[in-house]
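The values are calculated or read from the model by the stated rules, or taken from the named source; none is laboratory data. Since the model is a prediction, treat every value here as computed from it, not as a measurement. Neighbour counts are summed over all protein chains in view; Cβ atoms, including those assigned to glycine, are modelled from backbone coordinates with ideal geometry. Heavy atoms of the whole protein, side chains included, go into the accessibility calculation; ligands, DNA and RNA do not. Shrake-Rupley method; radii C 1.70, N 1.55, O 1.52, S 1.80 Å.
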Amino acid sequence: MSRVKRGVTKRHRHKKVLSAARGYQGSSSRNYKWAKEALLHAWSYSYRHRRERKGDFRRLWIVRIGAACRQSGTNYSQFMYGLKLAGVEVDRKILADLAVNDPAGFEKLIGISNEAKAAA
């Protein structure tokens, strides 16, 4: 059986890891062992934070909708309850965009919400 020498493969693997770790501080950008560990942490954080970002945006949309509702004399929960009773299925992302960019349209939705609560 012939002997396998790993030099070329190892160098390519190390170059790939070190190029991915460019910009890291200290040994994490120069030493393969520390660069590999830093990348494992970085990739796990980025994976986790891609999922957290969804919740962050939802919280931002809720804050924006709530602020626009308070300007009109109602609160977020009553507004959403009225929309549900009225059968309006507009997601929070669109509602937040309306609250910021189209206040007149958002006022109409508040009116629809209030009418549905009064009828119930």
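Computed values, structure above
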{"quantity": "Test set (1) farther than 30 Å from A119 by Cβ; (2) open to solvent by less than 50 Å² (accessible area, probe 1.4 Å); (3) over 22 Å from the mean Cα position of the chain (by Cα) - A42 fails condition number", "calculated": "(3)"}
{"quantity": "Residue tally, condition among the aromatic types (F, W, Y) and either under 30 Å from S28 (Cα atoms) or open to solvent by 60 Å² or more (accessible area, probe 1.4 Å) (or both), over the stretch 62-87", "calculated": "1"}
{"quantity": "Any hit, the stretch 106-115, residues being open to solvent by less than 50 Å² (accessible area, probe 1.4 Å) and either polar (S, T, N, Q) or touching a residue at least 40 places away in the same chain (Cβ under 8 Å) (or both)", "calculated": "yes"}
{"quantity": "Evaluation of T74 against (1) touching a Gly at 6+ places or on another chain (Cβ under 9 Å); (2) part of a helix (DSSP H, G or I); (3) β-branched (V, I, T) (one fails), failing number", "calculated": "(2)"}
